[in-house]
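Down below is the structure, laid out as structure tokens.
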Amino acid sequence: MKKIYSLFALILFTIPAFSQIRQQPAQQMPSYKIDGLDLDYFSPREFIIGGTTIQGTQYLDKGVLVKLSKLTEGERITLPGEATSNAIKNLWSQGLFDDIKLSITKINYDTVYFEFDVVELPRLIAFEFSGVSKSQNTELQEKLSNKAGKTILNTEIYNYTTNIVTKYLQEKGYFFTKVSFSTTPDPNQENGVFLQVKVDRGNKVKVNQINFTGNKVFSDAKLKKFLKKTKQRAFYKVFGPGKFNREKFEADKITLIEKIHAKGYRDAQVLRDSVYGINDKTIGIDIDIYEGPKYYFGDITWAGNAKYTTEFLSRVLGIEKGEVFSEEKLQKRLNGSTNGDDVSSIYLDDGYLTFNIDPVQTSVIGDTINIEMRISEGPQYTNNRIKLVGNTITNERVVMREIRTKPGEKFSKRDLVATVRDLGQMGNFDETKINPRPIPNAADGTVDIEYTVEEKPSDQIELSGGFGGGRIIGTLGLTFNNFSLKNLFNGSAYKPLPKGDGQKLSLRGQTNGKFYQSYSFSFSEPWLGGNKPINFGLSAYTSLQSNGLRSSSADYFKIRMNGVTVTMGTRLKWPDDLFRLSYSINASQYVLNNYPGFLFSSGTSYNFNLTQEISRDSRNNPIFPTDGSYFKFLVQATPPYSLLNNVNYLTATDKQKYKFTEYHKWKFDSQWFQRVAGKLVFKAQAQFGFLGLYNRAVGQSAFERFKLGGDGMQGFDFLQGSELIAMRGYANNSIIPFGANQTIAQNSGSPIFAKYVLEFRYPVLSSQQATAFLVTFAEGGNTWNKFSDFNPLNIRRSIGVGAKVFLPIFGLLGVDYGYGFDKIPGNPNANGGQFHFSIAQQLGGL
């Protein structure tokens with residue numbers, strides 16, 4: 001009988017033991033034992049479980065473990081049988097134990113009692129990494145933070161940790177990462193351990209070669225271009241091909257096939273690929289593709305269209321029979337045109353909110369694909385309730401007046417898109433978080449539209465110290481972009497200033513003591529009266545510069561400028577509603593006392609002018625545009641005093657000649673933005689300025705000229721009747737006309753300028769708190785004294801690199817390094833390598 005007991009015990013031990021996968025090398029096999037109990041293997045008996053106890057647990061719930069084993073009190077069990085081996089399997093599969101033993105402690109007639117003796121696996125307290133940098137350690141700890149402190153240390157944790165570490169380091173370019181583990185006990189917690197993760201990163205790897213097989217139509221070079229983020233190393237790539245990233249490679253394979261499909265090879269696919277190491281620093285990639293035949297569009301028919309004729313829809317689609325088949329082009333013409341001229345937009349702009357079109361390939365005959373456009377037009381929807389969510393600071397009426405989808409009007413996708421753009425251009429909301437949500441009410445054919453916005457910091461402070469004129473200059477500027485004038489005397493509205501009405505208030509002061517002081521104020525209301533988009537602006541300034549001596553001194557000199565400007569502008573509806581038209585009236589006074597560098601050194605001059613400006617802005621983001629354009633055309637003119645009075649200006653004194661400044665000024669600025677690859681954005685810009693005269697006897701105006709070169713910061717030239725045009729790679733104001741007087745040209749400026757910019761921008765940070773991007777640029781520009789000398793191709797040139805950071809509280813901060821190629825006569829230090837720093841610079845200025 002003892003032999004039978006031993007055989008029975010051996011079978012029960014063997015079944016669970018060989019059904020388990022080893023969890024750790026140090027673990028013991030689970031076991032089952034019988035201590036002198038009289039059981040006949042050849043005559044199984046049925047028992048009632050009288051109870052099951054658990055021994056050895058410290059942290060686990062014993063009741064739950066008994067339930068998991070299914071050896072619960074009152075259940076019937078057959079012994080010998082599979083129930084006991086299954087009980088061990090059930091507990092072992094939880095991954096909680098290092099060892100499990102099952103014993104029958106007692107049999108009382110038809111009642112059996114069991115006991116589990118278990119050894120718990122240790123608990124993971126924390127990870128300790130070695131072989132990685134401090135920043136990598138921090139990031140890995142964050143990725144594994146959900147495991148530390150509460151996880152049982154088992155095989156799953158080892159595998160999970162290995163996968164996280166290797167995947168993370170592969171993204172950093174480490175392809176041959178090895179991970180090993182060891183544990184140390186936690187002296188402060190029983191059964192707790194620290195998991196020491198030893199990482200051997202190896203070297204960062206780059207792609208040494210990419211090999212294609214199976215391609216007959218597309219060359220290897222063409223296919224490599226389709227892999228946008230997986231590049232082969234080459235000597236001519238100045239900045240290198242970058243590290244290999246497996247996730248980007250997987251995405252590149254999808255892009256590769258999409259590009260081939262777009263050429264008409266709709267059956268193309270990647271059959272297989274492999275990534276292998278060449279050495280410890282480089283890898284190779286083999287890609288086997290199937291191109292398949294080239295397909296063409298066949299007959300395109302329409303079904304279900306009642307609103308528009310088949311001929312009209314075919315013209316909108318713009319795909320002719322016999323064209324190379326392209327799924328990408330088809331979807332773009334149906335749903336995805338950036339200009340809003342696709343088929344879906346035609347319907348959605350006319351109220352058909354639930355419009356749907358399904359292009360069905362009805363037949364493929366040889367290399368020709370016939371398509372039927374199956375349309376479900378649905379009803380026309382009318383806007384009902386317009387809701388706004390998330391405006392915690394800006395008053396609802398201020399936001400609602402910018403919303404173009406009005407109750408009672410037909411739903412229009414074009415108005416929806418334009419509203420999102422207008423809300424972003426207000427500057428009060430995070431452009432990436434503006435989310436419109438149409439909620440159709442099918443029962444009555446109306447649609448509610450909910451706009452969700454998120455406020456962002458929009459006020460700006462300029463607090464800086466600079467060096468100019470041989471002295472330190474301090475600047476303090478405050479700009480409140482969401483000001484509320486009507487609550488100026490409402491103490492409860494100060495948080496810390498009254499906000500919410502979308503008005504803009506700017507205060508700026510600059511001084512270096514008694515030598516230079518400048519103060520300015522401006523206020524603007526974008527909706528004068530609150531009913532129409534009529535912009536009203538008021539600004540004033542005063543500025544004084546002197547040599548700091550007493551006014552009674554013979555060597556004393558100064559210049560004081562005072563001025564005020566009133567502006568009115570409106571949004572146009574033609575040619576489209578992106579145009580803006582504004583008019584400004586300006587009155588300025590210039591008081592000179594022995595001040596050098598202008599056409600006269602002592603006297604008072606007045607400047608009364610009228611300005612008309614027309615602009616169009618279609619940029620998709622005011623801070624970092626990736627698409628769209630901006631242009632501005634400005635004409636500014638004073639009355640032609642010399643043509644209206646009887647003064648002989650050939651014999652007139654300076655006091656008579658320059659008492660009333662007269663001129664006509666023309667300026668043009670155009671910018672164009674386009675995403676070229678991934679996040680890389682291309683910017684092109686051209687600027688022109690011309691200052692004309694009415695009477696040759698009077699000559700050019702002493703003020704309102706252009707100064708070209710440098711960082712464009714206003715410094716000592718702030719509101720001194722000169723416009724500063726930045727041009728990197730040259731010293732401030734250094735680009736003067738050929739043959740011009742160095743001192744006069746730099747002090748007073750030039751009447752004509754032209755400037756061109758080509759720039760590539762790449763964002764490195766984009767969030768509500770900050771936007772940062774890198775730039776590389778090429779610029780050209782020049783100035784001229786008269787129109788007969790003007791040659792837009794005769795320019796001074798520069799190239800360079802830089803970085804820009806936009807912080808809502810400070811505006812745009814930047815540093816650029818430019819190299820000017822062309823020397824400036826009389827100023828040997830004007831060109832060459834130049835660093836330029838900027839603060840609170842206008843985004844379109846550089």
For this session: Determine which single condition F127 fails, assuming it passes every other condition in (1) under 30 Å from I49 (Cβ atoms); (2) modelled with pLDDT of 85 or more.
Result: (1)
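Of all residues in segment 393-433, how many are among the polar types (S, T, N, Q) and within 18 Å of the chain's Cα centre (by Cα)?
Here is the first cut: in segment 393-433, the ones among the polar types (S, T, N, Q) are 394-395, 405, 412, 419, 425, 428, 432.
With within 18 Å of the chain's Cα centre (by Cα) added as a condition, the list becomes 425, 428, 432.
The total comes to 3.
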Exercise. Which one is surrounded by the most Cβ atoms within 10 Å (Cβ to Cβ), of the residues in segment 175-217 that are closer than 16 Å to T161 by Cα and among the hydroxyl-bearing types (S, T, Y)?
Worked result: T177
Exercise. Looking at L544, L507, L478, which one is in a strand (DSSP E or B), at pLDDT 85 or above and exposed (fewer than 15 other Cβ atoms within 10 Å of the Cβ)?
Worked result: L507
Exercise. Can you name the residue in segment 81-104 that is closer than 19 Å to E46 by Cβ and either surrounded by fewer than 19 Cβ atoms within 10 Å (Cβ to Cβ) or β-branched (V, I, T) (or both) and, of all such residues, is nearest to the chain's Cα centre (by Cα)?
Worked result: N86
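For every residue, the table says whether it meets (1) crowded, with 16+ Cβ neighbours inside 10 Å; (2) over 30 Å from I439 (Cβ atoms).
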site	(1), (2)
A306	no, no
E328	no, yes
R333	yes, no
T338	no, no
I346	yes, no
I357	yes, no
I365	no, yes
M373	yes, no
Exercise. From F682, F703, F716, F738, which residue is among the hydrophobic types (A, V, I, L, M, F, W, C) and at pLDDT 95 or above?
Worked result: F682
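Return the residue satisfying two criteria in turn: it lies in segment 267-320 and is charged (D, E, K, R) and part of a strand (DSSP E or B), and of such residues it is nearest to V364 (Cα to Cα).
D299
For segment 168-184, give me each residue that is of a type outside the set (S, T, Y) and in contact (Cβ under 8 Å) with a residue 24 or more places away in the chain. Before the answer, list the steps.
So in segment 168-184, the residues of a type outside the set (S, T, Y) come out as 169-173, 175-176, 178-179, 181.
Selection gives L169, Q170, E171, K172, G173, F175, F176, K178.
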Exercise. Can you spot a residue in segment 605-620 that is of a type outside the set (S, T, Y), touching a residue at least 12 places away in the same chain (Cβ under 8 Å) and assigned to a loop (DSSP other than H, G, I, E, B)?
Worked result: yes
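Quick check, is R333 in contact with a Leu (Cβ under 6 Å, 6 or more places away or on another chain) and over 14 Å from N305 (Cα atoms)?
Details: in contact with a Leu (Cβ under 6 Å, 6 or more places away or on another chain): yes; over 14 Å from N305 (Cα atoms): yes.
Spelling it out, R333 is indeed in contact with a Leu (Cβ under 6 Å, 6 or more places away or on another chain) and over 14 Å from N305 (Cα atoms).
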For this session: Please go through segment 282-322 and pick out each residue that is in contact (Cβ under 8 Å) with a residue 40 or more places away in the chain, over 30 Å from K248 (Cα atoms) and hydroxyl-bearing (S, T, Y).
Result: Y296, T301
Exercise. In this structure, does L643 turn out to be surrounded by fewer than 16 Cβ atoms within 10 Å (Cβ to Cβ) and assigned to a loop (DSSP other than H, G, I, E, B)?
Worked result: no
For this session: Those residues that are modelled with pLDDT of 95 or more and among the acidic types (D, E), I need them from segment 359-376; list them, please.
Result: E372
For this session: Just need a number here: residues in segment 521-541 that are surrounded by fewer than 16 Cβ atoms within 10 Å (Cβ to Cβ) and charged (D, E, K, R).
Result: 1
For this session: Check whether at least one residue in segment 188-202 is in contact with a Leu (Cβ under 9 Å, 6 or more places away or on another chain), charged (D, E, K, R) and in contact (Cβ under 8 Å) with a residue 40 or more places away in the chain, and report yes or no.
Result: yes
Problem set entry | Qualifying positions in segment 248-293 - closer than 30 Å to N356 by Cβ and charged (D, E, K, R) | E258, K259, K263, R266, D267
Seminar exercise, completed: The residue from F212, F218, F244, F235 that alone is at pLDDT 90 or above, in a loop (DSSP other than H, G, I, E, B) and not hydroxyl-bearing (S, T, Y) is F218
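For segment 346-355, does any single residue satisfy the condition of being assigned to a strand (DSSP E or B) and of a type in the set (A, V, I, L, M)?
Of the residues in segment 346-355, the ones assigned to a strand (DSSP E or B) are none.
So far as segment 346-355 goes, no, none of its residues is assigned to a strand (DSSP E or B) and of a type in the set (A, V, I, L, M).
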Exercise. Out of all the residues in segment 80-127, which are assigned to a strand (DSSP E or B) and in contact with a helix residue (DSSP H, G or I) (Cβ under 9 Å, 6 or more places away or on another chain)?
Worked result: F97, I100, K101, L102, I104, F114, F116, V118, L124, A126, F127
Exercise. Take the residues of segment 797-823 that are modelled with pLDDT under 95 and among the basic types (K, R): which is surrounded by the fewest Cβ atoms within 10 Å (Cβ to Cβ)?
Worked result: K823
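I'd like the residue in segment 661-702 that is in a strand (DSSP E or B) and charged (D, E, K, R) and, out of all such residues, is surrounded by the most Cβ atoms within 10 Å (Cβ to Cβ). Break it down into steps so the answer makes sense when it comes.
Applying the first criterion (in a strand (DSSP E or B)) to segment 661-702 yields 664-677, 680-692.
Checking the rest, the ones that are also charged (D, E, K, R) come to 665, 667, 669, 675, 683.
Details: K665: 21, K667: 19, D669: 18, R675: 14, K683: 19.
So the residue we want is K665.
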Problem set entry | Checking I403 against (1) at pLDDT 90 or above; (2) outside any strand (DSSP E or B); (3) farther than 19 Å from I534 by Cα, the condition it does not meet | (3)
Exercise. Over 30 Å from G678 (Cα atoms), modelled with pLDDT of 90 or more and assigned to a loop (DSSP other than H, G, I, E, B) - does that describe any residue in segment 747-756?
Worked result: yes
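Which residue is surrounded by the fewest Cβ atoms within 10 Å (Cβ to Cβ), if the candidates are limited to segment 128-144 and must be more than 16 Å from K204 (Cβ to Cβ) and in contact with a strand residue (DSSP E or B) (Cβ under 9 Å, 6 or more places away or on another chain)?
Only one residue tops the list, namely S130.
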For this session: Looking only at segment 417-434, count how many residues are more than 26 Å from I346 (Cα to Cα) and of a type in the set (A, V, I, L, M).
Result: 1
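The values are calculated or read from the model by the stated rules, or taken from the named source; none is laboratory data. Since we're looking at a predicted model, the values are computed, not measured. Note that each Cβ is placed from the backbone with ideal geometry, even for glycine, and that neighbours are counted across all protein chains shown.
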